[in-house]
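Inspection log for the structure reproduced underneath, given as structure tokens.
The values are calculated or read from the model by the stated rules, or taken from the named source; none is laboratory data. Keep in mind the model is a prediction, meaning the values are calculated, not measured. With ideal geometry, Cβ positions are generated from the backbone for all residues, glycine too; neighbour counts draw on all protein chains shown.
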Amino acid sequence: MIWNLVAACGVGILALWGIERIWPLPPLPTPLPTATPIPTATPRPPLMYTVQPGDTLIGIAARYGVSLESLLRANGLSPEAVIYPGQVLRIPGELPAAPLPIPSPTPLPSPASAADGIRLRVLEIRGVGDVEQETLVLANEGATLSLAGWRLRDTDGNLFVFPALTLWTGSRVAVHTRAGENTATDLYWGRDGAVWQPSERGVLEDPEGTVVLEFRVP
């Protein structure tokens, strides 16, 4: 009996060994190939832009889709810097192949009214009577427009003519009575004495002489 069991076990072992010889175990899976890294975009070299008549720093920054701060930093300029036609500016960053389109300034209609998209407002007149402090702040709450040739006058006939300046929607400009160097945000009348008087009436006219805005000095 014992020999029979031993013989049976031996037969089973031989059978399993034979099966393994006939059907070998499957091979290990082949490792997946290593993914090729995606190349990163090479930053586009900075562009050089030549300033054209009527250009402003904020307008150039908007045209090329960069911030005003980065444009100033790339050219070592301060926010009060004045640019001039023919000046070459460095446009920083990775840029599209062509500058972003921006709307052209709205042509000045005549007569001017709120329906024409012109909405100017005197925010404040500070330092009245003190030529060193006297400043009128004008804000544009309507369409972007050019103030070139516009006139600011008081009841005594004192006249200030705006230079070439684009006033963007939501922006403002300060007109100082004293002398100074004009920038995109600050203009200087160049007078030796104060202009505005308390309760005095003032007007803003377009180049054709149409009164666009009337205000009273506080």
inquiry  = For the range 184-200, which positions are surrounded by 19 or more Cβ atoms within 10 Å (Cβ to Cβ) and either more than 15 Å from Leu152 (Cα to Cα) or under 26 Å from the mean Cα position of the chain (by Cα) (or both)?
reply    = Ala184, Leu187
ask   = Out of the residues in the range 130-148 that are without any contact (Cβ under 8 Å) to a residue 40 or more places away in the chain and surrounded by fewer than 20 Cβ atoms within 10 Å (Cβ to Cβ), which is farthest from the chain's Cα centre (by Cα)?
value = Gln133
task = Could you tell me which residue of the range 48-82 is modelled with the highest pLDDT, considering only residues that are in a helix (DSSP H, G or I) and among the hydroxyl-bearing types (Ser, Thr, Tyr)?
result = Ser70
query = Within the range 201-214, how many residues are touching a strand residue (DSSP E or B) at 6+ places or on another chain (Cβ under 6 Å) and surrounded by fewer than 17 Cβ atoms within 10 Å (Cβ to Cβ)?
reply = 4
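Conditions tested, residue by residue: (1) β-branched (Val, Ile, Thr); (2) modelled with pLDDT under 90.
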{"site": "Ser113", "(1), (2)": "no, yes"}
{"site": "Ile118", "(1), (2)": "yes, yes"}
{"site": "Asn158", "(1), (2)": "no, no"}
{"site": "Leu167", "(1), (2)": "no, no"}
